[in-house]
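Engineer: Would you mind keeping the following structure in view while I ask a few things?
Laboratory data are not the source of any read-out in this text; all were calculated from the coordinates shown. Predicted model, so just to flag it, every value in this text is computed and none were measured. Quick reminder, even Gly has a Cβ in these numbers, built from the backbone with ideal geometry, and neighbours come from all protein chains shown.
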Amino acid sequence: MFTEDLPIIQAVIIMSVVIGLYRLCTWFMMKYQPFEYLLEGKPVYIVENGRLVLEKIKEGKMSHDEFFSEMRRQGVEHLGQVRIGLLEVNGNFSLVLYPLDDTRYGLPLFPKPYQAVQQVQPDYHYACMYCGNVAYLTQAHELCNRCHNKSRRWAKAINNEIVT
Ligand SMILES: [Zn+2]
């Protein structure tokens, strides 16, 4: 009996190891997506002049969440505070901020203000939730003339100065 069972046990162990490794790889890739950029071996622009770099988000290589969270961690409240956001080869995220008196309207990075508006008011600035483009709107679901993203979601832009 024992010798007959052995191959089954071996098979079960091998299967478990394979499944375990697969899960580990998946988890690793999800958690450390920036490693993909590291493989490219060069710094990657994520934010330029207060807006997300369009090519990167269109390639689908970038998820907002990772970089939003990194910017929040560095005390940034909205994209209008950021002149350059760069993912370094070593995985660090470098920020160059606008001087206080040059802070502009930008896409909020914190969850509460990062919400799609349902109505717009004239003379208010709104930020495209996909690319960070800031514009005046006449209706809540206008097409963004920068990214042309189908979601047509806009958040109310803010222009608070960074607290240093
Ligand atoms: Zn846009």
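Engineer: Relative to the longest principal Cα axis of the chain, at what angle does helix 64-73 sit, 0 to 90 degrees, rounded to 10?
Structural biologist: Between helix and principal axis, roughly 70 degrees.
Engineer: Take the Cα atoms of the chain, build their convex hull, and give its volume per residue in Å³.
Structural biologist: Here the figure is 169 Å³ per residue.
Engineer: Can you tell me the 0 to 90 degree angle between the C-alpha axis of helix 2-31 and the longest principal axis of the chain, rounded to 10?
Structural biologist: It is inclined by approximately 10 degrees.
Engineer: Determine, for each peptide in 133-145, 81-93, the mean count of other beta carbons within 10 angstrom over its residues, then list the peptides with the highest first.
Structural biologist: Output ranking for 133-145, 81-93: 81-93, 133-145.
Engineer: As a check on your grasp of the helix formula, calculate [θ] at 222 nm for the chain: sum -39500 (n - 2.57) over DSSP H runs of n ≥ 4, divide by the residue count, round to the nearest 500.
Structural biologist: Only helices count here, giving -10000 deg cm²/dmol.
Engineer: Same structure, new question: Under a point spin-label approximation (7 Å from Cα along Cα-to-Cβ), what is the Val96-Ala11 distance to one decimal in nm?
Structural biologist: 6.2
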